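Participant: Pasting a structure below so you can have a look.
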Amino acid sequence: MKFSLSWLKYFLETDASVSQISAKLNAVGLEVEGIENPADKLAGFRVARVLTASRHPDADKLQVLTVDAGAEINGGLPLTVVCGAPNARAGLVGVLGLPGAVVPANGMVLKVAAVRGVESNGMMCSTRELELGDDHEGIIELPADAPIGASFADYSQADPVFDVAINPNRPDCMGLYGIARDLAAAGLGTLAPLPFRGGAGGGGYPDGSAHDDCPPSQPSPLKGRGLFPCPTPIRTDDPEGCPAFYGRVIKGLTNGASPQWMQARLNSAGQRPISALVDITNYVMLAFGRPAHAYDLAKLRGGVVARRAREGEVCRALNGKEYPLDASMTVIADDAGVHDIAGIMGGEHSGCSQGTTDVLLEIAYFDPQRIAATGRKLNLTSDARARFERGVDPQFLDAGLDILTDLILRICGGEASEVVRAGTPPSGAKAVAYDPELAERLGGLAVPQAEQKRILEALGFAITRHSGAGRNPDPNKESSSGLGPGLRRDDEEDQGDEGLWQVTTPGWRPDIDGPADIVEEVVRIHGLDNIASVALPRSDGVARPTATAAQKLERNLRRSAASLGLNEAITWSFISQKEAAEFGGGDWVLQNPISEELKVMRPSLLPGLLSAVKRNLDRGAAALRLFEIGRRYLADGEYPTLVLVLAGEKASRGWQSGKAQMFDAFDAKRLCLDLLEAAGAPVDSLQIMGFDALGQGSFYHPGQSATLRLGPKNVLASFGVIHPATLKAFDIDVPVVAAGIYLDAIPGKKGAGFARAAYVPPALQPVTRDFAFVVDNDLPAGDLVRVVKGADKANIAAVRVFDLFTGRDVPEGRKSVAVEVTLQPREKSYDDAELAAISSSVVAASRKVGANVRHEAAGNLAGSGAIAQSK
């Protein structure tokens, strides 16, 4: 919420500075998001008088002005200014932008320049150019007695504007008067009483201002004007959605521009002034958090009623859009049809215009849940909805209607009818039993009871106390006060501060439900900074671990991925429907998204990472190695996943390597296996399979991707080159490889032991033997490695592929795969017979996958029984 300093000081009598007010707002829980001083934007603009105005010699629509900008400018001599405003004339007092000033509306820096051959020393400004309004047809016209040469910022009394974030549970601070109440309770000033009649500024006018029709020292025009019965019937037929509906008619008014002081306050709050009637309702909403509406009486037919909408009804709202209604929504209607989506937005055809002379003022209380549900269903937001769905003061109907009427009569004239009150508003008050010692027990702050009482009463709470000493009064004992069992007034016989208090909440605080809420009010006003920092109690000894196995796994993988040269990325969990469609579509769609680009909860982490790749490539990055750990959101739940992407150059071009090398699927596979090993997965038991069995992986290149599995169904990871069509959808023009590890599929550790046996290196050196096998072209080399390694688990420590050959001496449709087998002796070194036996078992095992041994080659294996591949 935005408001100016002068507006705040109308409700709060204080001498506090801007910095003091800002600090106190933050201290009481009203976070200041920014402070803007319009005077800073008006530096370099002066009050100036036009001395002469003559036609430009070379342009029909331009005039050459001589302008007096004061004795301090140009040695008191007139300045020549070229101006195209139609109202520029001799004698006019306006605003001159001097060379060097920055025009607020467009950021243009003024300078001395020739306009069609005539030198211009600045610019006479319009209200739009200074962001003071929308008028740009002519330059600003100030009163003839305005001080020539004075700073326009000083003359216009531009004051700082606060931007304060209001928590959803504080509807009372959706009006500036509620913010002033908090500051007054915190000791920053004195709160102005309601209603604002008689005394300085009456009727909601600025302090000390006077108006010809009714000076503020006089009584309200509402008193002394002839009242008449309200000619328009008003009722509520929906007591659940609209428990109370008040209204009155004002006739014979003149709807023009609102006063300058009101326009200035609305501008400071970010509201565009429209007309007096509209501005008055907006002013009361912003000042007191009380939305209301004014209907043009001439556009209504018959009585006005709050009722449920009928199926098929449509309302054309003030924003020009039509909204279909249903029976779950409350509307305001007359005999002709719906005029208003109750509590959210008025209708276009019954709104007030410049020609409006008679109005029906409406002020009502609407059910917050009904307003919130209607707003979500229609996807319609407004200032009124923001207040009604949080809960406005149900007891502010009469006071709000009086303030509205008073302002209209003062500004627009006319006569007001009697008030029609349909329905009964809820009280809004709650009685809470409160122990003053809770402030220290729950809030950690010992606040004297007298101070607690002052704070609560300053915030509008009413306090009565239990009679009798102690904190367990007899609930059956009646008090002489008549307030109920165990309660008495403060003026009854005082038995000390012992006992519980009964705290009655004001209607504007629907967020207060119990004693803890009362403690919060006392502590935040007394000062959260006064709470001493106290360490939480801790048991002796070593702290027990609190991280879950899943959290430990993610932490370990983050460290491992970083050690492998990957950079962690954190992307949105929400993506667009277009991005989700590239990965099979999203099953979780938000009904009320932040934006259409963040509407679907991601079915994969790849969209966010590919968007990050695109942004970095556009900024000149040559190579990218990114990973992210997050959640995928599928139809049957959410799943933790690690995804990595490699894009761009794996190795830059050079005189030895030639052109740059790009990442390929094997790079993703290697990283995937390393991370799975770090996660404790049984890497040696993994199988490499395609995607056909699961029908997944459409975003991978079909010939350059695969999955890693434990058995045919348990997929631990996938890797491969991203499909060109997917890259095109993200506007990426370099190859990208990716891998995904499904953390929920990794089997947990067996056993409950906290430590493993210490590593003892073998005493004997390992022995390597090479084998070459001829296998079918479509046999994955990993299958051959797996069966060879299982041929003799007691002796074979490792197996790796070191050569692949096709061509001479290899049949068509077959390939030669050479593997290096590492043997690890245990008790003694191998003899020839043992090596021959191991070699025979390796050859026998290879036949399980259809492998045949190639011809024996000369070399280090002669006589060993092994078959070597010659290169």
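Participant: If you check Arg307 against the conditions, is it over 23 Å from Glu131 (Cβ atoms) and not hydrophobic (A, V, I, L, M, F, W, C)?
Facilitator: yes
Participant: Also: Residues of segment 766-780 being surrounded by fewer than 17 Cβ atoms within 10 Å (Cβ to Cβ), in contact (Cβ under 8 Å) with a residue 24 or more places away in the chain and closer than 25 Å to Gln704 by Cβ, which ones?
Facilitator: Hits for segment 766-780 are Asp776, Asn777, Leu779, Pro780.
Participant: Here's another thing I want to ask about it. Being at pLDDT 90 or above, open to solvent by less than 30 Å² (accessible area, probe 1.4 Å) and under 19 Å from Leu743 (Cα atoms) narrows it down to one residue among Val613, Val645; which is it?
Facilitator: Among Val613, Val645, only Val645 is at pLDDT 90 or above, open to solvent by less than 30 Å² (accessible area, probe 1.4 Å) and under 19 Å from Leu743 (Cα atoms).
Participant: How about segment 134-162: which of its residues are touching a helix residue (DSSP H, G or I) at 6+ places or on another chain (Cβ under 8 Å), at pLDDT 90 or above and within 25 Å of Ser17 (Cα to Cα)?
Facilitator: Answer for segment 134-162, where residues must be touching a helix residue (DSSP H, G or I) at 6+ places or on another chain (Cβ under 8 Å), at pLDDT 90 or above and within 25 Å of Ser17 (Cα to Cα): Pro160, Val161, Phe162.
Participant: Would you point out which residue out of Ala165, Ala185 is farther than 25 Å from Val103 by Cα, at pLDDT 90 or above and open to solvent by 20 Å² or more (accessible area, probe 1.4 Å)?
Facilitator: Within the list Ala165, Ala185, the selection yields Ala165.
Results for (1) assigned to a loop (DSSP other than H, G, I, E, B); (2) at pLDDT 90 or above; (3) under 30 Å from Gly620 (Cβ atoms), shown as yes or no for each residue.
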| site | (1), (2), (3) |
| --- | --- |
| Asp692 | yes, no, no |
| Asp731 | yes, yes, yes |
| Ala738 | no, yes, yes |
| Asp744 | no, yes, no |
| Val774 | no, yes, no |
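Participant: Please give the strands (runs of 3 or more DSSP E) falling wholly within segment 234-335 in which 1 or more residues are closer than 19 Å to Gln395 by Cα, out of contact with any Asp or Glu (no Cβ under 7 Å at 6 or more places or on another chain) and not aromatic (Phe, Trp, Tyr).
Facilitator: 234-236, 244-251
Participant: Right, another one. For Ser698, all conditions in the list (1) surrounded by fewer than 15 Cβ atoms within 10 Å (Cβ to Cβ); (2) closer than 30 Å to Arg555 by Cβ; (3) of a type in the set (Gly, Ala, Ser); (4) in contact (Cβ under 8 Å) with a residue 60 or more places away in the chain hold save one; what is the number of the exception?
Facilitator: Against the list (1) surrounded by fewer than 15 Cβ atoms within 10 Å (Cβ to Cβ); (2) closer than 30 Å to Arg555 by Cβ; (3) of a type in the set (Gly, Ala, Ser); (4) in contact (Cβ under 8 Å) with a residue 60 or more places away in the chain, Ser698 comes up short only on (2).
Participant: Please count how many residues of segment 296-336 are open to solvent by 60 Å² or more (accessible area, probe 1.4 Å) and within 14 Å of Arg235 (Cα to Cα).
Facilitator: 2
Participant: Return the total of residues in segment 137-159 being open to solvent by 60 Å² or more (accessible area, probe 1.4 Å) and under 35 Å from the mean Cα position of the chain (by Cα).
Facilitator: 1
Participant: Here is a follow-up. Here are Asp684, Asp618, Asp674: which of them is over 27 Å from Pro712 (Cα atoms), acidic (Asp, Glu) and surrounded by fewer than 17 Cβ atoms within 10 Å (Cβ to Cβ)?
Facilitator: Every option except Asp618 fails the conditions.
Participant: With the condition being under 30 Å from Asn169 (Cα atoms) and touching a residue at least 60 places away in the same chain (Cβ under 8 Å), I'd like the helices (runs of 4 or more DSSP H) fully within segment 509-616 carrying at least 1 qualifying residues.
Facilitator: It comes to 515-526.
Participant: Looking at segment 1-117, what helices (runs of 4 or more DSSP H) fall wholly within it and have at least 1 residues that are of a type in the set (Phe, Trp, Tyr) and crowded, with 19+ Cβ neighbours inside 10 Å?
Facilitator: 5-11
Participant: So, one more: Taking segment 782-798, which residues are free of Cβ contacts under 8 Å to residues at least 40 places away in the same chain and buried (at least 17 other Cβ atoms within 10 Å of the Cβ)?
Facilitator: If the condition is that a residue be free of Cβ contacts under 8 Å to residues at least 40 places away in the same chain and buried (at least 17 other Cβ atoms within 10 Å of the Cβ), then Val785 is the only one that fits.
Participant: I need the full set of residues from segment 43-68 which are in contact (Cβ under 8 Å) with a residue 60 or more places away in the chain and of a type outside the set (Val, Ile, Thr), in order please.
Facilitator: Within segment 43-68, Ala43, Gly44, Phe45, Arg46, Ala48, Arg49, His56, Pro57, Asp58, Asp68 qualify.
Participant: Can you run down the residue pairs with Cβ atoms below 7 Å, 6 or more apart or on separate chains, where the first is in segment 650-666 and closer than 17 Å to Pro735 by Cβ and without any contact (Cβ under 8 Å) to a residue 60 or more places away in the chain and the partner is open to solvent by less than 100 Å² (accessible area, probe 1.4 Å) and of a type in the set (Asp, Glu)?
Facilitator: Lys650/Asp667; Ala660/Glu649; Gln661/Glu649
The values are calculated or read from the model by the stated rules, or taken from the named source; none is laboratory data. Just so it is clear, the structure is predicted and the values come from calculations on it, not from any experiment. Backbone-built Cβ (ideal geometry, glycine too); neighbour counts: all protein chains shown. When the accessible area is computed, the model is the full protein with side chains, heavy atoms only, and any ligands, DNA or RNA have been set aside. Shrake-Rupley method; radii C 1.70, N 1.55, O 1.52, S 1.80 Å.
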